[in-house]
Every structure is written in C-alpha cells, then in structure tokens.
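We did not get these values from a lab; they are worked out from the coordinates using the rules stated. Quick caveat, the model's predicted, so the values are computed rather than measured. All Cβ positions, even for glycine, are placed from backbone atoms using ideal geometry, and neighbour counts span all protein chains on display.
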Amino acid sequence: MKDKKTNNSDGANAKQTDLERNRSNADGQFMTTDQGLKINDDNNQLKAGERGSALLEDFILREKITHFDHERIPERIVHARGSGAHGYFELYKPMGEFTKAKFLNDTSVKTPIFIRISTVAGSRGSTDLARDVRGFAIKFYTQEGNYDLVGNNMPVFFIQDAMKFPDLVHAVKGEPHNEIPQAASAHDTFWDFISLMPESMHMIMWTMSDRAIPRSLRMMEGFGVHTFRFINDKNESHFVKFHWKPKLGTHAVVWDEAQKISGKNSDFHKLDLWEAIDKGDFPEWELGVQIIPEADEHKFDFDLLDPTKLVPEELVPVTIIGKMVLDRNPDNFFAETEQIAFHPGHVVPGIDFSNDPLLQGRLFSYTDTQLSRLGSPNFHEIPINRTIAPMHNHQRDGHMRQEINPGRVSYHPNSLGGGCPFQAKASEGGFTSYDERIDARKVRARSTSFADHFSQATLFYNSQTDVEKNHIIKALRFELGKVETVAIRKRTLGLLDQVDPTLAKKVAEGLGLEVPQPEKPMNHGVGADADDAQEPIKKTQKIKNSDALSMVKNPTLTDTIATRQIAFLCAAGVTGKSVDTMKKALEDAGAMVKIVAPHLGSIKTAEGKDLAVDQSYMIAASVLFDGVFIPDGENAAALKDMDEVKEFINDSFKHCKFIAAEGTGVDVLKNTDAKPDADAGVLTNQNVGDQKFVKNYIAKLGTHRFWEREKAV
Ligand code: HDE
C-alpha cells in the first residue's frame, strides 16, 4: 500500500527540503569522528598493551563517551510522552470574512504541519493507555511564519487560572515522597486537590469518560480549548473555538482493556499511529470552527473566557473549513518529536488571543520551558522548529547559534545597514495585536461569571448514553477506590452530588459510603482570598442534551472499519476458503487481518496450502484487536482446549467486541462465555464462505462495540 503515499504540496516540499538539509545519510560512507576524521577501529579503545590500562590520549573514545553522557535532555514537565508525524493542512473554503491569516484564505496552498500527540501526566517511558487527557499540538509551517494550535483531545480544562497549573500538575504526578503512581490520577493527592476545586468538575466528567482511553490517537477529536480571536483585514474580531474531527470517528477502549493493553504493549498508541502512516493509511482530521461575533460575547449562560466551559454545538454549529492529513513518519524521534517546541503564542496575522486567564498564563510558560528543556534561546533554529518564512531580526548569539549574521549592524534603528531589516506595516503582513479596549482596576480576582462549576458537568453527564454513564461511574469507583483518605472520597462525592445525585449515589455504593449531606463547597477562585471565598453556583443551561458530547451518539460517527485489526484464530487444518473469503472482504473494507496460530512461520490449511502466521498465541491478545474470527476446519479441535484461546474469546466477549465463528470454528466457543447468539454480538455461520455472513460481520464491526452486552452498574 506504500504507493498510496502522495507527494506533498509546494509548502510541504519547502519544509521537507529544509529538513533534508540536516538529514544525515550514512549510506556507503566511512565512519568518522564529529570532526570528520575517518575512524579505523570502533571496537577497541587505545590501551597500554592488549591487556593494559586505557590511555587518556584516546580522544576518539572520549568524544564518543562524552556525547553519550549528554544524550538526554530534560523531558517535558507535562506531556512528556508523545508521538509525532508530518503532514499537511488543506483549506476547503477561504475564511477572509473572519480572518486574514493567509493559510486560511488560499485553498490552493497545502500548509506543511507537524503534529505531536501526548499523554499529560506520565513520564516519557510511561504507558500509552493511561487514563489521561491527550495533548493535540499542531505546528503549521505557514508562509507568514509558524502557527501553533496547542490543544487537547477534550474541549475544557481542570482549572480557570494559570496560577493553579503548578498545583494541578504537582497533585496529579507521582507523589513526591515515593514518586508513586506513574501516569495515573488514581491517588490521594490528585483527588485531594480536585475535591477542593469545584471548578474541575466539568473536566473530571471528561477524564472519567472513555475519552481518556482512546482506541487510537487517530480516533480522537482535538480541541483548541480556549476561545481565540479571528481578525479580518478590516480589523474586525470574531471569537473562535477550534475543533478537529477525525475521519475514522471517535472511539475508545474499555478500562479493563486499557489496563491489559498497558501490560501487553505499552506502546500501543505510538505503534498504531506509526504503522498506519507507514502502510499508507494516512490519518485525517477535518478542522472545524465555531465563530462568535464580538457583539454576542455576553449572550451565553457561561463566560467565553472560562476554559472550563465549552460552547455547545447546538448553540453555535461547527463549520468545517479544511482538513489535516498525516502522511509521513518522522525520520528521527529525538530530532523531531522530542525537540519540537510548541507555544500558543506562535500566531500569524489574523489569529489573536482572548483574555482567558489560563491562555494568558500559557503565553508566558512555553518559551520559558524550552529554555530549560532545549537549553538555549536558539531553539527556533533546530530544523523541526524552523519557519519556512524568511526570518531576519537583530537577535544574536547564545548557546549553539547556527545562523551566521554578517556585518556590523545588530540593532534597530540603524543607518549603517540601510535600516534593514525593516518593520512591516499591517498592510505588508506585519503582526498587530487586536486593539481591544482595556480600562480596568488592577486586581487579583476572578469574575463572578466564572462561578458556575456544575451545570456543564451535568450537561456532559446527561448527554451520555447509559453505557457511557456506567463507564464514568466505574471510573470514579476505581479512582476513588485507590484513594486511601476517606475524607477525600467523601468530599468528592459531595461535589459529584452537585453534578448528578444518581451519579454520586452509584459511586458512593461502590465505595461503601453514603453521599454526604450537602456541604457548601468553597470556590477558591472567586474573591480575593479564602476569607471572602464564595459558593459556586449552578445556572440553568439552555441546552439540556448535546449528542456531540457522547462518543456513541456523536453525529460525526462513521461506520468505517478502515484500519481495524481483526484476529483470525487458526491452527493447522484450517479451511483455506473460510480464511480467504473473510480476509478478502475485511481487507477490501480497509481492515487489517492478522493470522494467529500456535507457532510462527506457517501452517497447512485443509487444502494443503501454506498459510503464513502473523502472531503466535504467546504474543496475540484480544485487547490488541478490534474483532475476532474463528474460521472453519480441523483447527477447532486444537483450539478448543487452549487456555490462550479461551482467554482471547472471553476477553473479546467481556469487552463487548463482535465475535464471528464459522463451521466447526463455532465449536471453539463452547468452552467460553461467548455463546452463539447474533443478538448478543456473537455471529455464527454453517455455510462456509457465505458472503451474507461476511457482510453482516463487517457491518457489525462498523458499530465498534456491542455495548448492550455490558452489564449495567
Ligand atoms: Fe500546556 N504546557 N500548559 N496546556 N501543553 C506544556 O510546554 C502550561 C494547557 C499542552 O507536544 C509545556 O513545551 C501552563 C492547556 C500541550 O510539545 C509547558 C498551562 C492545554 C502540550 C506547559 C497549561 C495545554 C503542553 C511542557 C496553564 C490545552 C504539549 C513542555 C496555564 C489547551 C506540547 C512544553 C508538545 C505542554 C504549560 C495548560 C496543552 C510547561 C502553564 C489548557 C498539548 O510549558
């Protein structure tokens, strides 16, 4: 499928050429030192005699070891674990009415992009399947300079003010005395903090939902989170919210599955993204915007500047304006994915900030953190960070400066350099900040319009299907069950009670607790200090239910099974026709089939042909697949009593996956929980190779999971 790879556009080529300048190609080359000296022996250090001590003179050994000793740089304080990819952004329709940003006006330009998707809490080596928010950061290499849209896979955040970010991160990370747990929010300090921060309740609903355990990085929505501004060439401002809608739909795994995947393959998401791009199954997202005129700023039940609130799509529809395609894996993880430096303050003319106090804090943080992570103010010169637009200014020197600036002039204004480089007027593409009028007292306070912490949490909870609600309840039982301090559990139940009393009651049952009498939660954000802290309020929202918030009801859901992984449980004697018919139909629909058998190599089919084996039962596990098929044949006799096969099928059943068995393959189900029953998502067929059966299985797989099988809490 490699030939599916398309050549990138002009812009994308420009970035590629730029990166190529720094790409080392050792094919057919001699090995050298960093100074270009050809190396004669890379296996032995210089010694005094064959058994002698090392000689300090060995500059080649010292160079190699010194470089190795300094190979690591500090990992990101948050979002340490990430996966990256190259791609491009293509605009569907010019947005000139709202923004003058050139890449949002010219549909003929493909803008090169680099994306980094990450978990937040864990270290670089932690598991992909942690219950966590996913970072969703895109660098657009536009012709007017770099634009970074540094968002998440959830549209809201835990806190309203940047002042609380270090506290949030300290609370969620491993506890400082023993650094336990790794990449998990299920511990006392996190819930202690949350139980004292009612403003986090909406985000808690999202992180306790299945959005926090995506099936694939390719199957998540992305959001800009904050309200931004679009500025047009008349200097008119509109508020804007950014959305990324995945072409493959929004899907998740279940929590038991997530925990097992972490054991079986902690790089599950990284590998999934890598393999899809490598095979030519390029992931795509459409970019959507919600646009709100300035005049409507105060028309909502919530404050547009409050990052714990979303704008329901029922109030302001999402307009799709373009798409992003990921079509190339990085050449080098460190040079690209690790060294890329995002910053919400990297904007281009036509895009500007709102006064969201979380966004305002972020505008300081990102350059600051690169200084300690990448170690130099010249991080913009690293190839992955370099703009494709011309770059000229009077900034000079610093660690690892690459640019060689000739001449005497490094100041502005100057006459010796002919006044160069020049400032650009707005009409020439110079960036000007939106001239918002500001006339205010200097205060440390939060607007009372931020004080409603519960009604959108309730909106989110009410918008979920019963299955999704059950998953939230179970997640909260798990998380709070891991909390040792009973007072923290109770305090959290008190907050959940304000979101939905039934939710609180069901979580409480699992914890063996009563929902506490309504205690007045303090709102630490409102008021100048704890003495005049106010109670949070709950406003009635106009919207009671929003399908876009549910993964199951989401209107953008598609029934594609493209890139879904299906395991065929096989052994010697399997009927080739049964395998081939199902395999062809699944692959035609875009799915990927893996032949699983007792050993690697190949097995003989009933027809006497060799069938190549992809994985043995030692490696394969149901949690790494989306569906399972047991073909007809003598294989059934061998598989029936294998513990690995029973576990495979039982897990598939438990995790609500669609199971199909054909001919004697049906016998394998006998010793498992998956009793043949089409109404229970266990499909069987006696007429080997029947196309109707195959089509039906594919249609079922398109619905992702058979949730009805799951027992309610
Ligand atoms: Fe970040 N965040 N953040 N953040 N953030 C970082 O920057 C920070 C916030 C997000 O793949 C850091 O280069 C503060 C919200 C992503 O490289 C750091 C605040 C959202 C990434 C930082 C926030 C994000 C980061 C760590 C509160 C969603 C990964 C390393 C005011 C809209 C980018 C780095 C990548 C990374 C600070 C809150 C998204 C420390 C102070 C809200 C996707 O600068």
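Backbone geometry of segment 105-118 corresponds, through the Karplus equation with coefficients 6.51, -1.76 and 1.60 at θ = phi - 60°, to 3J(HN,Hα) couplings of 10, 10, 6, 8, 9, 9, 8, x, 9, 10, 10, 10, 10, 9 Hz, x marking Gly and Pro. For the set K469/K675; K260/K577; K241/K299; K247/K711, the pairs lying more than 22 angstrom apart at their alpha carbons are K469/K675; K260/K577; K247/K711.
Here segment 565-709 is treated with +1 on each Lys and Arg Cβ and -1 on each Asp and Glu Cβ, and its dipole about the Cα centre works out to around 240 debye. Modelled spin labels at E297 and E275, positioned 7 Å past Cα toward Cβ, are 5.0 nm from each other. For the chain, leaving out every one of the chymotrypsin sites (Phe, Trp or Tyr not before Pro) that falls in a DSSP loop and has at most 12 other Cβ atoms within 10 Å, the longest unbroken run is 31-410. If you take the Cα centroid of segment 430-444 and the Cα centroid of segment 245-297, the two points sit 37 Å apart.
Could you calculate the FRET efficiency of K670 with D588 from 1/(1 + (r/R0)^6), where r is the beta carbon distance between them and R0 is 25 Å, rounded to 0.05? Using R0 = 25 Å, I get an efficiency of 0.20. Fully extending the segment from D643 to K234, taken as 0.36 nm per residue of separation minus the present Cα-Cα distance, adds 140.3 nm. Remark: segment 263-274, residue by residue, has Karplus-estimated 3J(HN,Hα) of x, 6, 7, 6, 9, 3, 6, 4, 5, 4, 5, 4 Hz, where x stands for each Gly or Pro and the curve is 6.51 cos²θ - 1.76 cosθ + 1.60 at θ = phi - 60°.
Taking 0.36 nm per residue of separation and subtracting the current Cα-Cα distance, fully stretching the chain between E71 and S433 would add 126.3 nm.
I need the shape label for segment 22-107. Rule: rounded when a/c is under 1.5, else prolate if a/b > b/c, else oblate, with a, b, c from the alpha carbon gyration tensor. Could the numbers behind the result be given before it?
Details: a/c = 4.94, a/b = 2.80, b/c = 1.77.
Cα axes put segment 22-107 in the prolate bin.
With the simple spin-label model, which puts each label point 7 Å out from Cα in the Cβ direction, the R373 to T703 separation comes to 4.3 nm. In whole angstrom, note down how far apart the Cα centers of segment 180-222 and segment 564-636 are. Value for the Cα centre distance between the two parts: 37 Å. The label-point distance for A26 and N13, in a model that sets each label 7 Å from Cα toward Cβ, rounds to 3.1 nm. Compute the FRET efficiency between T558 and E57 as 1/(1 + (r/R0)^6), taking r as their Cβ-Cβ distance and R0 = 60 Å, and round to the nearest 0.05. Using R0 = 60 Å, I get an efficiency of 0.35. Between T502 and H392, what is the FRET efficiency for a Förster distance of 51 Å, r being their Cβ-Cβ separation, to the nearest 0.05? The pair T502/H392 has a calculated efficiency of 0.25. Based on the alpha-carbon gyration tensor of segment 99-210 and its eigenvalue square roots a ≥ b ≥ c, which shape applies: rounded if a/c is under 1.5, prolate if not and a/b is larger than b/c, or oblate? Because a/c hits 1.5 or more and a/b exceeds b/c, segment 99-210 counts as prolate. Using the average count of surrounding beta-carbon atoms within 10 Å as a protection proxy, the listed peptides 552-565, 435-448 rank, highest first, as 552-565, 435-448. Helices in the chain, meaning DSSP H runs of at least 4 residues, each add -39500 (n - 2.57). Divided by all residues, the mean residue ellipticity at 222 nm is -7500 deg cm²/dmol.
Among DSSP bridges having both ends in segment 565-709, what percentage is antiparallel? Round to the nearest 5.
On the way: 5 of 23 bridges.
Percent antiparallel among DSSP bridges in segment 565-709 is about 20.
Is segment 565-709 rounded, prolate or oblate when judged by the Cα gyration tensor, a ≥ b ≥ c being the square roots of its eigenvalues, rounded requiring a/c under 1.5 and prolate requiring a/b larger than b/c? Rounded, since a/c falls under 1.5. Near the amide H of R215, within less than 5 Å, lie the amide hydrogens of H251, A252, V253, all on another chain or at least 5 residues away, with H placed in the peptide plane.
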